[in-house]
Amino acid sequence: MKIAFVGKGGSGKTTLSSLFIRHLATTGSPVVAVDADINQHLGAALGLDEEVAAELPAMGARLPLIKEYLRGSNPRIASADTMIKTTPPGEGSRLLRVGENNPVYDACARPVELDGATVRLMVTGPFTEADLGVACYHSKTGAVELCLNHLVDGRGEYVVVDMTAGSDSFASGMFTRFDMTFLVVEPTRKGVSVYRQYREYARDFGVALKVVGNKVRDEGDLDFLRAEIGDDLLVTAGQSDWVRAMEKGRPPRFDLLEEPNKAALRTLQAAVDATYEARDWERYTRQMVHFHRKNAQSWGNERTGADLVAQIDPGFVLQESVTASV
């Protein structure tokens, strides 16, 4: 199951995504965590020292390896150089599975121990000074989108992506790659306006979107969110001594997290798991193809010198039962 956490800067998006990752780890489920935020704070939120987090291998820097592996023996892709972030899989492509070992995980993922459990952490890499004026952050997240396009995940397997803050989360087709998108919203007019903007994006593409109210201090905050958001408000989170200790770099054992916040995390998982039966792999593949065609025609063909629309395999549908190339 693929989960995105989105929200405006300062909403607590990264903190909540890290708590959800910790919660999933306690269930014994296989988890891949991905930091796709421009600020790259997920590693620290999962308890890594800042120096260790800074040394994590950047997916963007390993994009040629990722492309070459995923291309496999797909005859529609002449070379890895002609692959772009939206390139869809087809017959002969190599696919990724959550719990397996493969060269992409070997190069880009690192194990993080969380109270006796282990998750895989992958990061896009920071937006550096060298990128200023010559690149947009989506050039960094392209590696994540390409991996999600080639990911086959099943029930009880989780990929949690901490997305970049603000509406930039919807600036590429990656926002359609998830079974559930959690929008973290503060009880403010600005928070609600962000929700309304996201809701319109999500509705146009059938994206499952639920709101997590954060920094809720009293009944007045809760009533405000209920009135403004309605049924999309799934759960709320309040003040947490555990989180404050974590933000100081001294997290207690996770089982000491306050019970209301534990219950909120269980609610998030239940909402994710409930989407499993509604998965529509044909629609998922159609959306993948839609964004690839759009990117190919707007910039990809010119940049690569190839007809990237020809990479689309019209008979291929990504699904759990599909067999990958070896």
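Taking max minus min of the alpha-carbon positions on each principal axis, the stretch 38-85 gives extents of 44, 17, 14 Å, largest first.
The Rg/Rh ratio of the stretch 1-148, with Rg taken over Cα atoms and Rh as the Kirkwood radius over Cα pairs, comes to 0.97. Dividing the helix sum by the residues of the chain, where each DSSP H run of 4 or more adds -39500 (n - 2.57), gives a mean residue ellipticity at 222 nm of -10500 deg cm²/dmol.
Any idea what log10 I(q)/I(0) is at q = 0.21 Å⁻¹ for the stretch 144-213, Debye with uniform C-alpha scatterers and no solvent? Those come out to -0.96, one per q.
Here residue 8 is the anchor, and the aspartates and glutamates within straight C-alpha reach of less than 20 Å, apart from those fewer than 8 places off in the same chain, are 35, 37, 162, 168, 186, 200, 221, 228, 232, 247.
Solvent exposure of the stretch 188-326 amounts to 58 Å² per residue of accessible area, where only protein heavy atoms count and the probe is 1.4 Å.
Please label the shape of the stretch 162-254 as rounded, prolate or oblate, based on the square roots a ≥ b ≥ c of the eigenvalues of the alpha-carbon gyration tensor (a/c under 1.5 means rounded; beyond that, a/b larger than b/c means prolate, else oblate). Cα axes put the stretch 162-254 in the oblate bin. Counting 0.36 nm for each residue step from residue 294 to residue 50 and taking away their Cα separation leaves a gain of 84.0 nm. Rolling a 1.4 angstrom probe over the protein heavy atoms with all chains in place gives the stretch 1-132 an accessible area of 39 Å² per residue. Relative to the 2.2 N^0.38 Å rule of thumb, the stretch 20-64 has a C-alpha radius of gyration ratio of 1.28. A simple charge model with +1 on the Cβ of Lys and Arg, -1 on the Cβ of Asp and Glu and nothing else charged puts the dipole of the chain at about 460 debye relative to its Cα centre. Normalised radius of gyration (Cα atoms, divided by 2.2 N^0.38 Å) for the stretch 179-326: 1.40.
Annotation for the stretch 32-86: GluC sites (Glu not before Pro) lying in DSSP loop with at most 15 further Cβ atoms inside 10 Å of their Cβ are 55. Semi-axes of the equivalent ellipsoid of the chain are 32, 22, 19 Å, computed as sqrt(5λ) over the eigenvalues of the C-alpha gyration tensor in descending order. The overall shape of the stretch 218-287, judged from the alpha-carbon gyration tensor, is oblate: a/c is not under 1.5, and a/b is no greater than b/c.
Take the Cα of residue 78, step 7 Å toward its Cβ, do the same at residue 101, and the gap between the two points is 3.7 nm.
The values are calculated or read from the model by the stated rules, or taken from the named source; none is laboratory data. As the structure is a prediction and not an experimental result, all values here were calculated from the model. In this analysis, Cβ positions are derived from the backbone assuming ideal geometry, glycine residues included, and neighbour counts consider all displayed protein chains. With ligands, DNA and RNA removed, areas are computed over all heavy atoms of the protein, side chains included. Shrake-Rupley method; radii C 1.70, N 1.55, O 1.52, S 1.80 Å.
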